[in-house]
Amino acid sequence: MAPPLRATLALRRATIATCDGVTNDPCLGDGRAIAVDRERVVWIGPDARLDAAVDLSGARVLEADGRLVSPGLVDAHTHLVFGDDGSRAGEFGALAAGRSYAEIARAGGGIRATMRATRAASDEALLGSARARARRLLAWGVTTVEVKSGYGESVEEELRLLRIVRDLGRALAGEQDVVATVLPLHALPSGRDREDWVREVVALLLPEVASEKLATACDAFVAASAFTLEEARRVLLAARALGLAPRLHADQLADDRAAALAAEVGAASADHLEHVGDAGIAALARAGVVAGLLPTSTLLLRGREWAPGRRLVDAGVAVALGSNVNPGSAMSENRGLSLSLACLENGLTPGEALWAATRGGARALRLPDAGRLAVGAPADLVLWGARTPAHLCWHAAVNHALCEVKGGRVVHEAREPCAADCTA
Ligand code: NIG
């Protein structure tokens, strides 16, 4: 009798991290197989039982030979849409010479420099460069990517950037899911009065974002050089009333008590957290807010403090690991680097880091089905050259992704010698 299930794709003899169990646990199992029928996972189990359980006659079968299979990475924090006039590359030299991110911003660089370059760029140029960055993330295993606005100097500019994010999602349909976040409180646009800007965001920008369905979340950067707790509270509560999930850039440069605000407004995530204190950690745990770790930016800003990933996990907080691709603090799509730093500097185990880069990201975006491998879940997955999460993090900053599958379709395969194959 033919097996009851049919498959269009199967991966066999794999070490599978389903990331579909207890928070922060990758749920690793070796000698496993996974079968996919069109866009959904239909079976996961011991390899020895695959042939009896699934009809493979119409399936492409990939031999994992002991390598790791995980859900596609869910990158819950990026700023992919920006114009680049080269000025931020110049800032890199200043950072390397010892100037701080805040000093550079005060001198007219930083986020405002990118706002100017973005205003000068055409829609086509912004879409094209964002697409190239998203494709680089796909090559690193990212099958779902969040993209923020935040470089708009006016309500019209912010809306233009969000429409470009929408177009990016259409251009990438079937390869990568794009999730948009409006970030109106990033840096005060030049020449604007603070109170006027916050009022305009609440009265004009957010209602338009909600009515055009241009974003599912609203973010704010709380810092001495950016916006206050009170300004962020007003904007996030207004966003929440319109159905947009609050999120925060929190406690990145100092302990600004922004994690507590994230808990108070029921944020989906509080990201950065390099300077979060014990009270902030406890608040995140109590409120069930996801902590977004972005260690690539801590590295590239030469931060002295790393977000306390270990203490967050031990306190019961779900942790996400994002790339934070942006021209100022994290000009890198390298997800391998962030996985290794998450272990070395944030104190996660390799398995926790993988969970954070997959299911953790999905939790930060409130996507119930993404970032996990389970029967009925979307077949978004990565076959890695590495055998275990430890191999992935140990062979640092090297692209181990051999094959990415989105909705059951192979959408990217590494060409030698890009991918490291650790099986030897
Ligand atoms: O998440 N901290 C604020 N926003 C970005 C940096 C943006 C920029 O410098 O252009 C971040 O690190």
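For the stretch 295-333, residues that are surrounded by fewer than 20 Cβ atoms within 10 Å (Cβ to Cβ) and in contact with a Lys or Arg (Cβ under 9 Å, 6 or more places away or on another chain) total 1. Screening the stretch 289-364 for helices (runs of 4 or more DSSP H) wholly inside it with 1 or more residues that are touching an Asp or Glu at 6+ places or on another chain (Cβ under 9 Å), within 12 Å of the ligand (Cβ to nearest atom) and touching a residue at least 40 places away in the same chain (Cβ under 8 Å) returns the ranges 295-300. Applying the set (1) out of contact with any Asp or Glu (no Cβ under 9 Å at 6 or more places or on another chain); (2) at negative phi; (3) at pLDDT below 95 to Gly108 leaves exactly one unmet item: (2).
Here Pro207 meets each of (1) in a helix (DSSP H, G or I); (2) over 27 Å from Arg366 (Cα atoms) with one exception, condition (2).
Val179 falls short on exactly one of the conditions (1) assigned to a strand (DSSP E or B); (2) away from the ligand (no atom under 15 Å from the Cβ); (3) farther than 25 Å from Lys406 by Cβ, and that condition is (3). Residues in the stretch 261-288 that are of a type in the set (D, E, K, R) and out of contact with any Gly (no Cβ under 8 Å at 6 or more places or on another chain) were compared, and the one that is nearest to the ligand (Cβ to nearest atom) is Glu264.
For Arg136, state whether it is farther than 29 Å from Ala94 by Cβ and more than 14 Å from the ligand (Cβ to nearest atom). So that I can check it myself, show each step before the final result.
Numbers: farther than 29 Å from Ala94 by Cβ: no; more than 14 Å from the ligand (Cβ to nearest atom): yes.
The answer is no for Arg136.
Within the stretch 154-170, not a single residue is crowded, with 17+ Cβ neighbours inside 10 Å, in contact with a Ser or Thr (Cβ under 7 Å, 6 or more places away or on another chain), among the basic types (Lys, Arg) and in contact (Cβ under 8 Å) with a residue 24 or more places away in the chain. Pairs are defined by a Cβ separation below 9 Å, a sequence spacing of at least 6 or placement on different chains, a first member in the stretch 80-92 that is closer than 22 Å to Val179 by Cα, and a second member that is within 11 Å of the ligand (Cβ to nearest atom) and of a type in the set (Gly, Ala, Ser); the pairs so defined are Val81/Gly150; Phe82/Ala117; Phe82/Gly150; Gly83/Ala117. Kindly establish whether Asp255 is within 12 Å of the ligand (Cβ to nearest atom) and within 27 Å of Val202 (Cα to Cα). So Asp255 fails the test. When you look at Ala220, is it within 15 Å of the ligand (Cβ to nearest atom), farther than 23 Å from Ala342 by Cα and either in a strand (DSSP E or B) or of a type in the set (Lys, Arg) (or both), yes or no? Taking the combined requirement at face value, the residue satisfies it.
Collect the residues in the stretch 116-143 that are closer than 13 Å to Leu161 by Cβ and among the polar types (S, T, N, Q), keeping them in residue-number order.
Thr118, Ser122, Ser129
Go through (1) in contact with a Gly (Cβ under 6 Å, 6 or more places away or on another chain); (2) closer than 27 Å to Glu39 by Cα for Gly385 and report which single condition fails. For Gly385, the failing item is (1).
Report, by residue number, each residue of the stretch 167-185 that is under 18 Å from the mean Cα position of the chain (by Cα) and either among the β-branched types (Val, Ile, Thr) or closer than 22 Å to Ala238 by Cα (or both). Val178, Val179, Ala180, Thr181, Val182, Leu183 - these are the residues of the stretch 167-185 that are under 18 Å from the mean Cα position of the chain (by Cα) and either among the β-branched types (Val, Ile, Thr) or closer than 22 Å to Ala238 by Cα (or both).
Total residues in the stretch 71-90 satisfying the condition of being on the phi > 0 side of the Ramachandran plot and touching a Leu at 6+ places or on another chain (Cβ under 7 Å): the figure is 0. Taken over the stretch 271-286, the criterion of being more than 19 Å from His77 (Cα to Cα) and either buried (at least 24 other Cβ atoms within 10 Å of the Cβ) or within 21 Å of the chain's Cα centre (by Cα) (or both) is satisfied by Gly280, Ile281, Ala285.
Scanning the stretch 188-201 for any residue that is surrounded by 19 or more Cβ atoms within 10 Å (Cβ to Cβ) and in contact with a strand residue (DSSP E or B) (Cβ under 7 Å, 6 or more places away or on another chain) turns up at least one such residue.
For the stretch 60-88, the set of residues classified as surrounded by fewer than 17 Cβ atoms within 10 Å (Cβ to Cβ), of a type outside the set (D, E, K, R) and modelled with pLDDT of 95 or more consists of Val61, Gly66, listed by residue number.
Against the list (1) touching a residue at least 24 places away in the same chain (Cβ under 8 Å); (2) in contact with a Gly (Cβ under 7 Å, 6 or more places away or on another chain); (3) surrounded by fewer than 24 Cβ atoms within 10 Å (Cβ to Cβ), the condition Asp51 fails is (2).
Applying the condition of being more than 16 Å from the ligand (Cβ to nearest atom) and among the acidic types (Asp, Glu) to the stretch 34-88 and asking which residue is nearest to Arg131 (Cα to Cα) yields Glu39.
Looking across the stretch 238-259, the residues that are closer than 20 Å to Val198 by Cβ, assigned to a helix (DSSP H, G or I) and touching a helix residue (DSSP H, G or I) at 6+ places or on another chain (Cβ under 7 Å) come down to Ala238, Ala239, Ala258.
The values are calculated or read from the model by the stated rules, or taken from the named source; none is laboratory data. Every value quoted in this text rests on a predicted model; they were computed, and no experiment measured them. All Cβ positions, even for glycine, are placed from backbone atoms using ideal geometry, and neighbour counts span all protein chains on display.
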